[in-house]
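> Structure in structure tokens, see below.
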Amino acid sequence: MADKLEFTPQERESTLQIYAKLKEKVGSSLLPGDEDKMRGRLLASIEQSLVGRDVFGLNPILFGFQTAMIVVDEIGLRRDAVLAILLHPSVANGYVSIDEVNAQFGESVARILHGLERIAELYSRKPVVESENFRNLLLSFAEDMRVILIMIADRVNLMRQIRDTDNVEAKMRVSEEAAYLYAPLAHKLGLYKLKSELEDLSLKYLEHDAYYMIKEKLNATKQARDAYISRFIEPIEKRLAEAGLRFHMKGRTKSIHSIWQKMKKQKCGFEGIYDLFAIRIILDSPLDSEKMQCWQAYSIVTDMYQPNPKRLRDWLSVPKSNGYESLHITVLGPEKKWVEVQIRTERMDEIAERGVAAHWRYKGVKGESGLDEWLANIRNILEANDDLQVMDQFKMDLYEDEVFVFTPKGDLLKFPKGATVLDFAYHIHSKVGSSCVGARINNKIVTLREELHSGDQVEVLTSSTQKPKQAWLNIVKTSRAKAKVRLALKETQVKEGQYAKEVIERKFKNRKIELDESMMARLIKKLGFKEVSDFYKQIADGELDTNEVIDKYLEIQAKEAGTGVEQPARSAEEFNFKATEGMALGNDDVLVIDRNLKGIDYQLARCCQPIYGDDVFGFVSVNGGIRIHRMDCPNAPELRKRFGYRIVKARWSGKGASKYSITLRVIGNDDIGIVNNLTSIISKDEKLTLRSISIDSNDGLFRGNLVVMLEDTSRLEALIKRLRTVKGVKHVERI
């Protein structure tokens, strides 16, 4: 058991003094029995050693009273907040349950304590508090706004008490949190005094030398500065009164933190800061005369003191998007000192000071959906100072469309409501998302479909065998994750397609069959696939048997080569030729087949499209005719190997007067006019006929197929040479 908490004489005296003040200020809001029950709880916690000093050696009872005094004096909270603050050390240490508090002090006090405990749970996860996301999570986790207000007061009190602590490391951490987290929250809520104190104290502890340098210089110049402000204001007041304007003026010195920020931003010393203080002229003006009177005051000031035109800020003509209206000018006052003057009306000042959205946005703290109106309501409640009865019913309806979750390192990420583990995984990294099989949320294993909730700590579980699936597009909610899933699916499909293609090529090679891409394309189309990728996907998934694909390929190959199996094969020796005069394809073209036989009935094979001049051979087809193939036909090796007994010799003779159809593949840069240059070469030659042209352009390259009618191979070679000379053409080949 811990040692009994001993009060020093000074601590005892301070506690009793604050107790008396609190009783005086909040006594009217206490319920019968509250004081006795609270005193009993506090004495029991001390007598039974249920509470002890913190890491800074601070007395938790006295500290609670000090914090309660801040929330009463600076914020205006009453009974429920004070009781929650005083009970919190006992609840945090597990000596009093929230249910017991609910029974003894009511639901409202219990709700505040529940919110404080939830925040404590967040801190136990060691989050990165510097992020805007943590501020937002804090707000959404608090449940009751008084939780946030108490936390701000608690941090202000802590910053006041740790000035002389020996625990430097903890002091630095607390100060950093004050600057990053609590000061912006206080600013958002319009608690400007507490916000400035947090900023100044954090600067004092974090950058000791800078703080005291500025403080000493401000102290050294205070008397002179006050006198200067009076000298500056006096003639302006006189002239404004003479002009019949109703107004009041005030001067304020910038906070030490604000001066230090300006020094860093402007990269100058203390003496280089012109506007150590600002003068504010606030006009009591009718609504329809506001702008006129503001510009009238501007004219009076600038007539008396030389303005700096570069420092004029006109938010009268065009107010800021948050509604802020004012005229800011910097003028050269007596002794050649620059002074900032702000001119606005009572209404504008009200918006700037009380309208939380206007004021804290003006200072550069950005808001999010719904936050402006919500915080403005809180600010109005605070300023109404009506014992804050409305706060008892106030619950948060903020960030209902967003969730904030922790990474294992404590970073906070924001997602739309309904986002899943898979969204989280793809946010971390594409590879993590694509290999995600589930997650560990708050140490519980869940599937990748599990929805995220605010405050969850998520650790993604991956597997090297996992692959993205089409169904994932229905699981993820964020557009970022959807895009990454689509990309991953596409990459997977490409890899699977390459793998399947390699499998097919290996199978063809094993069976010593030469693979023709154009014939494979015809096969894929014949099998009913609109996309080649779908065909390869089925191969990769095992839905298509590669051996069956090869058999169908051979069927098409045999059919195109005239080797269909519908009729029994016959030997070339059994073939009876009927010699006829002339040829179907031309006047003087003669194809001499086998033993100088002429006038044989033949057809040119479609697979290689032979023309006059090509080295050719004949193949006896099952229907009694002969198909003529080029010697370098892609099907030639297979035909010789499997049907060598049906091959006959063939050669061209005559003059080559007929025209034949050939296809050229052209590849080149996709330059303007390149197609015209290609077609003009063909059209200029009377003996060439362009039958068709098809062009496909992609990534700056074009691929085109030209079908041309010409007489023989010599004319073909000449055409290819001419096409290769066209600028931008990289490759020309016959297919």
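The values are calculated or read from the model by the stated rules, or taken from the named source; none is laboratory data. Quantities reported herein were computed from a predicted structural model and do not represent experimental measurements. Quick reminder, even Gly has a Cβ in these numbers, built from the backbone with ideal geometry, and neighbours come from all protein chains shown. In case anyone asks, the SASA skips ligands and DNA or RNA and just uses the protein heavy atoms, side chains included. Shrake-Rupley method; radii C 1.70, N 1.55, O 1.52, S 1.80 Å.
> Of Ala220, Leu203, Ala183, which is farthest along the charge dipole of the stretch 156-245 in the positive direction, counting Lys and Arg as +1 and Asp and Glu as -1 at C-beta?
Among Ala220, Leu203, Ala183, the one farthest towards the positive end of the dipole of the stretch 156-245 is Ala220.
> Taking only protein heavy atoms and a 1.4 Å probe, what accessible area per residue, in Å², does the stretch 221-330 have with all protein chains in place? Working shown, then result.
Numbers: 6030 Å² over 110 residues.
That works out to 55 Å² per residue.
> Shifting gears a bit: Assuming 0.36 nm per residue, please report the length gained on full extension of the stretch Ile647 to Tyr192 beyond their Cα-Cα distance. Show your work: numbers first, answer last.
Values: separation 455, 0.36 × 455 = 163.80 nm, distance 10.01 nm.
Taking Ile647 through Tyr192 to full extension adds about 153.8 nm, to one decimal.
> Can you give the accessible area per residue of the stretch 688-730, in Å², using a 1.4 Å probe?
Values: 2520 Å² over 43 residues.
For the stretch 688-730, the solvent-accessible area averages 59 Å² per residue.
> Over the stretch 430-481, with every protein chain in place, what whole percent of the accessible area is carbon and sulfur at 1.4 Å, could you tell me? Each step should come with its number before you reach the end.
Values: 1440 of 3030 Å².
C and S atoms contribute 48 percent here.
> With a 1.4 Å probe and every protein chain left in place, tell me how much accessible area Phe406 has, in Å² to the nearest 10.
That residue has around 0 Å² of solvent-accessible surface.
> So which of Lys409/Lys482; Lys267/Lys310; Lys193/Lys250; Lys559/Lys687; Lys188/Lys215 end up more than 22 Å apart by C-alpha?
Details: Lys409/Lys482 25 Å; Lys267/Lys310 19 Å; Lys193/Lys250 17 Å; Lys559/Lys687 33 Å; Lys188/Lys215 26 Å.
From the list (Lys409/Lys482; Lys267/Lys310; Lys193/Lys250; Lys559/Lys687; Lys188/Lys215), the Cα-Cα distance tops 22 Å for Lys409/Lys482; Lys559/Lys687; Lys188/Lys215.
> Let me ask something else. Taking loop as defined by DSSP and a crowding limit of 11 other beta carbons within 10 Å, which GluC sites (Glu not before Pro) in the stretch 149-218 fit?
Working: sites: Glu169, Glu176, Glu177, Glu197, Glu199, Glu207, Glu216; in loops: Glu207.
In loop regions of the stretch 149-218 (DSSP not H, G, I, E or B), there are no sparsely surrounded GluC sites (Glu not before Pro).
> Heads up, I need the accessible area for Cys607: 1.4 angstrom probe, whole protein in place, Å², nearest 10.
Roll a 1.4 Å probe over it and Cys607 shows about 30 Å².
> Which GluC sites (Glu not before Pro) from the stretch 459-523 combine a DSSP loop assignment with at most 15 other Cβ atoms within 10 Å?
Numbers: sites: Glu459, Glu491, Glu496, Glu502, Glu505, Glu514, Glu517; in loops: Glu514.
Here the sparse-neighbourhood loop sites are Glu514.
> Among Lys467/Lys507; Lys171/Lys431; Lys467/Lys530; Lys414/Lys469; Lys37/Lys204, which pairs are too far apart, with a Cα-Cα distance over 32 Å?
In this structure, Lys171/Lys431; Lys37/Lys204 exceed 32 Å between Cα atoms.
> Right, something else. Can you list the equivalent-ellipsoid semi-axes of the stretch 618-697, largest first and in whole Å, using the square root of 5 times each Cα gyration tensor eigenvalue? Display every interim value, and only then the final one.
Details: eigenvalues 250, 66, 19 Å².
So the equivalent ellipsoid measures 35, 18, 10 Å along its semi-axes.
> Towards the positive end of the charge dipole of the stretch 429-563, with charges on Cβ (+1 Lys, Arg; -1 Asp, Glu), say which of His429, Asn510, Leu544 has the farthest Cα.
Toward the positive end, the furthest listed residue is His429.
> Given that compact globular proteins tend to follow 2.2 N^0.38 Å, what is the ratio of the alpha-carbon Rg of the stretch 72-113 to that value?
On the way: Rg = 10.3 Å, N = 42, 2.2 N^0.38 = 9.1 Å.
Against the empirical 2.2 N^0.38 Å value, I get 1.13 for the stretch 72-113.
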